[in-house]
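Here's the structure, in structure tokens; my notes come after.
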Amino acid sequence: MHMVQNKYSKTTILIAMCSLLIGLSGCGKKPEPKAEVPPPAVIVSDVKQQTVPIIMDVPGTVKPVITVEIVPRVSGYIFERNFTEGTNVIKNDPLYQIDPRPYQAKLDSLRAQLKQDQASLKFWTSEEARYTRLAKQGAASVEDKEKTIARKAEMIAAIDTDKANIEKAKLDLSFTKITAPFSGHIQETLVHIGDLVHQQQTEMTTVVQIDPIYVISNISREQVYRVQDLQKQGFAPTEEKKFIANLVMPDGKIYDHEGTLNYMSQLIDSSTDTLMVRFEFENPKKGGQRSLIPGQYIPLRMIVGHQPDALLIPEKSMLQTQEGTFVFVVDKDNKVEKRMVETGASYKQQLIVNKGLKMGERVISEGLQKVRPGMEVKITKAKADKSASRTNLLYVADSFDYPLILALRPAN
């Protein structure tokens, strides 16, 4: 019994000594120092200031400047057709020829009637002179003399009628040749050679003027009020002709030619609460075709004024929480500061800042997820963003209750 107890005591002492030696060897090592974390790399953008045009984005409809239905001014059978459907025509180009022969025959008949009446006038002029002389001599009655005077007057009136009828016959004959009233685009023909057309009734074809061309739109009463408010502030022109507009083509590009305000109604349509505006655009051929076709829908962007000294920052630098909208500003020591801001409309992936920033300040545009207020950051250069140049339009801002956008015209 004593020997067993002694054996266990020796074992316990041995374990304790081993533990002590392990502890002493561990105390001899120094703790490894923590590695320093480098400042996170971010990309910053300067707050820019510039004058920005104010634009209203409204739907537009393309309409020809002139649309004329060609109807005959005389009746008759179609003798010729002198145009190709769907082509351009020049003013006074021949379109149709109505059979002129009946009208030529009538003109010839009236000219013959004029010659006959002129001969009768000559006869009764001499008779008037003769009966006047005889009446003075007592060889003819006064009644006979008066009859010759009346007959002469009748012939004078008949000749005047003949001349008027001849002029009308000339017009009717000229109306058998139907020409283009102006330069434009001619539509399909509705009559053909041999068809009988009736004066002022039969529709033959249509000619439209499409260069220049109109784009019309209807703007709301609220938009009208906005323009008037901009005019009061001096941001919008007071002369209607100084308002200009751009068109957005189906591929998203801006139409090559700028339009000018051609007409603005002074009456608001009570049924739609809108006012009609009309812009005129050039519409030349490009690659054998015209870009603007009457009847098509096209977005119209009206430049209604200019906002001076607008502050711009990248859209991607903006953050939103329940507190509101804010950005991270980097100070001169590369320290991060959280800044609450008020923003307006956007432009080319940029936002207009109405309150909270100054020109020249730096905001973080990339690397936002890596920073916190008070941190130090490392500034790196941004890569060129080619997509930012695809459009020159600003989109509707949430702060506006009607389609008001801002746009910046590229420098010439």
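Coordinate-derived values only; no laboratory data. Model, not experiment: these values are computed from the prediction. All Cβ positions, even for glycine, are placed from backbone atoms using ideal geometry, and neighbour counts span all protein chains on display.
Sort the stretch 189-248 into rounded, prolate or oblate with this rule: let a ≥ b ≥ c be the square roots of the eigenvalues of the Cα gyration tensor; rounded if a/c is under 1.5, and if a/c is not under 1.5, prolate when a/b is larger than b/c, oblate otherwise.
prolate
Please compute the modelled spin-label separation between Lys378 and Thr202, points set 7 Å along Cα→Cβ, answer in nm with one decimal.
Placing both labels 7 Å beyond Cα along the Cβ direction yields 8.8 nm.
If you count, for each residue, the other Cβ atoms within 10 Å and average over each peptide, how do 258-264, 284-290 line up from highest to lowest? All intermediate terms of the calculation are to be shown ahead of the outcome.
Working: 258-264: 17.0, 284-290: 9.1.
The packing order, highest mean first, is 258-264, 284-290.
Between rounded, prolate and oblate, where does the stretch 101-175 land on the alpha carbon gyration tensor, with a ≥ b ≥ c its root eigenvalues, rounded for a/c under 1.5, else prolate if a/b exceeds b/c?
Prolate shape, in that a/c is at least 1.5 and a/b is the bigger ratio.
Using unit Cβ charges (K, R positive; D, E negative) and no other charged atoms, how large, in debye to the nearest 20, is the dipole of the stretch 101-175 about its Cα centre?
Computed charge dipole of the stretch 101-175: roughly 220 debye.
Just to be sure I follow the rule: in the stretch 101-175, considering lysines 8 or more places apart or on different chains, how many pairs have Cα atoms under 12 Å apart?
For the stretch 101-175, the number of qualifying lysine pairs is 5.
For the charge dipole of the stretch 220-259, defined by +1 on Lys and Arg C-beta atoms and -1 on Asp and Glu C-beta atoms about the Cα centroid, which residue among Tyr225, Gly259, Ala245 has the Cα displaced farthest towards the positive pole?
Towards the positive end, the residue furthest out is Tyr225.
If contacts are Cα pairs under 8 angstrom and at least 6 residues apart, what is the relative contact order of the stretch 82-209 in percent?
The normalised contact order for the stretch 82-209 reaches 43 percent.
If you average the C-alpha positions of the stretch 235-260 and of the stretch 336-372 separately, how far apart do those two centres end up, in angstrom?
30 Å
So if we plug the beta-carbon distance of Glu146 and Gln104 into 1/(1 + (r/R0)^6) with R0 = 45 Å, what FRET efficiency do we get, rounded to 0.05?
0.65
Counting other Cβ atoms within 10 Å of each Cβ, which GluC sites (Glu not before Pro) in the stretch 168-234 have at most 11 and sit in a DSSP loop?
Details: sites: Glu188, Glu203, Glu222; in loops: Glu188, Glu203.
Here the sparse-neighbourhood loop sites are Glu188.
Want the number for Asn354 to Met340: 0.36 nm per residue separation, take away the alpha-carbon distance, what's left?
Numbers: separation 14, 0.36 × 14 = 5.04 nm, distance 1.12 nm.
Extending this stretch completely gives an extra 3.9 nm.
Report, by chain and number, residues whose modeled amide H sits under 5 Å from the one on Phe182, excluding near sequence neighbours (fewer than 5 apart, same chain).
It is Asn92, by chain and number.
Suppose every K and R has +1 on its Cβ and every D and E has -1 on its Cβ; what is the size of the dipole of the stretch 183-236 about the Cα centre, in Debye to the nearest 20?
440 debye
If you plug each phi of the stretch 207-212 into the Karplus form 6.51 cos²θ - 1.76 cosθ + 1.60 with θ = phi - 60°, what whole-Hz ³J(HN,Hα) values come out, in order, with x for Gly and Pro?
10, 10, 9, 10, 8, x
Measure out, as a whole number of angstrom, how far apart the alpha-carbon centroids of the stretch 299-326 and the stretch 81-152 sit.
80 Å
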